[in-house]
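A.B. asks: Sharing a structure here in structure tokens format.
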Amino acid sequence: MKKLFIVVLTLLLCACSNKEKEPVRHLEKDVKLSFFYIDTCSECKEFKEKAIPYLKEQFANQIQINLYNLDDVGVEDVYDPIIDKLEYFDEEYYGMGPFIVVEDYFALLGYTSGDETYLADDIEKAVLNEELSLELSNRMEFKK
């Protein structure tokens with residue numbers, strides 16, 4: 001009887017742990033984030049290690065995150081059209097990372113540990129057409 005109890009308990013625990021996590025936040029619609037990075041960039045590495053898991057936890061399957069290495073051949077086919085859609089982009093920063101693009105809403109150049117919380121807040125606000133925070137001063141808007 002004791003063995004049966006342990007088997008049933010183990011099965012229940014496994015079944016519960018295999019469930020897909022519910023997002024912490026719910027978005028009105030799905031969002032696509034493009035992350036442009038450089039392998040040797042410490043900010044890029046930190047974004048991958050901290051911000052991406054945080055955003056996936058916050059939004060679950062409502063956020064699609066695509067990673068692009070700026071050193072790869074052909075990445076400019078994705079990068080350049082995004083740059084062209086921005087209201088203002090200083091060409092001095094072309095090809096620098098980390099470059100984070102929340103499609104159709106805004107883009108960021110650079111990352112500091114902790115920015116992921118502001119980024120998640122601004123993603124949520126952008127989808128709701130609310131005014132974005134002042135915390136991410138390196139944000140660029142898309143042309144209207």
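A.B. asks: Taking ILE100 as the residue in question, decide whether it is more than 19 Å from LYS125 (Cβ to Cβ) and either among the hydrophobic types (A, V, I, L, M, F, W, C) or over 11 Å from the mean Cα position of the chain (by Cα) (or both).
C.D. replies: no
A.B. asks: Here's another thing I want to ask about it. Does the range 45-84 hold any residues that are within 21 Å of GLU116 (Cβ to Cβ) and touching a Leu at 6+ places or on another chain (Cβ under 9 Å), and which are they?
C.D. replies: Within the range 45-84, LYS48, ALA51, ILE52, TYR54, LEU55, PHE59, GLN62, ILE63, GLN64, ILE65, ASN66 meet the criteria.
A.B. asks: Next question, about the same structure. Would you check if there is a residue in the range 68-89 being within 16 Å of ARG25 (Cβ to Cβ), of a type in the set (Val, Ile, Thr) and in contact (Cβ under 8 Å) with a residue 12 or more places away in the chain? Explain how you work it out, then say what you get.
C.D. replies: So in the range 68-89, the residues within 16 Å of ARG25 (Cβ to Cβ) come out as none.
No - not one qualifying residue is present in the range 68-89.
A.B. asks: Scan the range 35-56 residue by residue and report those that are loosely packed, with under 14 Cβ neighbours inside 10 Å and of a type outside the set (S, T, N, Q). I'd like the intermediate steps shown before the answer.
C.D. replies: We begin by selecting, within the range 35-56, every residue loosely packed, with under 14 Cβ neighbours inside 10 Å; these are 39-40, 42, 49, 53.
Of everything in the range 35-56, those that are loosely packed, with under 14 Cβ neighbours inside 10 Å and of a type outside the set (S, T, N, Q) turn out to be ASP39, GLU49, PRO53.
A.B. asks: How many residues are within 15 Å of TYR68 (Cβ to Cβ) and exposed (fewer than 13 other Cβ atoms within 10 Å of the Cβ) when one looks only at the range 78-87?
C.D. replies: Step one: list which residues in the range 78-87 are within 15 Å of TYR68 (Cβ to Cβ), which gives 78-83.
After this cut, where a residue has to be exposed (fewer than 13 other Cβ atoms within 10 Å of the Cβ) as well, the list is 80-81.
Residues meeting the conditions: 2.
A.B. asks: Could I ask something else about it? Can you work out which of the residues in the range 88-123 that are closer than 24 Å to ASP72 by Cα and small (Gly, Ala, Ser) is surrounded by the fewest Cβ atoms within 10 Å (Cβ to Cβ)?
C.D. replies: Result: GLY95.
A.B. asks: Something else: Being of a type in the set (D, E, K, R), closer than 22 Å to SER42 by Cα and touching a Phe, Trp or Tyr at 6+ places or on another chain (Cβ under 9 Å) is the requirement here; does GLU135 meet it?
C.D. replies: Answer is yes for this residue.
A.B. asks: Still on this structure: Given the criterion under 15 Å from GLY110 (Cα atoms) and out of contact with any strand residue (DSSP E or B) (no Cβ under 6 Å at 6 or more places or on another chain), identify the matching residue among ASP39, ASP77.
C.D. replies: Result of the check over ASP39, ASP77: ASP39.
A.B. asks: Residues that are surrounded by 13 or more Cβ atoms within 10 Å (Cβ to Cβ), in contact (Cβ under 8 Å) with a residue 60 or more places away in the chain and in contact with a Lys or Arg (Cβ under 9 Å, 6 or more places away or on another chain): does the range 125-136 have at least one?
C.D. replies: yes
A.B. asks: Condition first: over 12 Å from the mean Cα position of the chain (by Cα) and either surrounded by fewer than 15 Cβ atoms within 10 Å (Cβ to Cβ) or under 19 Å from ILE123 (Cα atoms) (or both). Now tell me which residues in the range 57-70 satisfy that.
C.D. replies: Matches in the range 57-70: ASN69 only.
A.B. asks: Does TYR93 count as closer than 22 Å to SER133 by Cα and at pLDDT below 95?
C.D. replies: Working: closer than 22 Å to SER133 by Cα: no; at pLDDT below 95: yes.
So TYR93 does not fit the description; no.
The values are calculated or read from the model by the stated rules, or taken from the named source; none is laboratory data. Values in this document were obtained by computation on a predicted structure and should not be read as measured data. In this analysis, Cβ positions are derived from the backbone assuming ideal geometry, glycine residues included, and neighbour counts consider all displayed protein chains.
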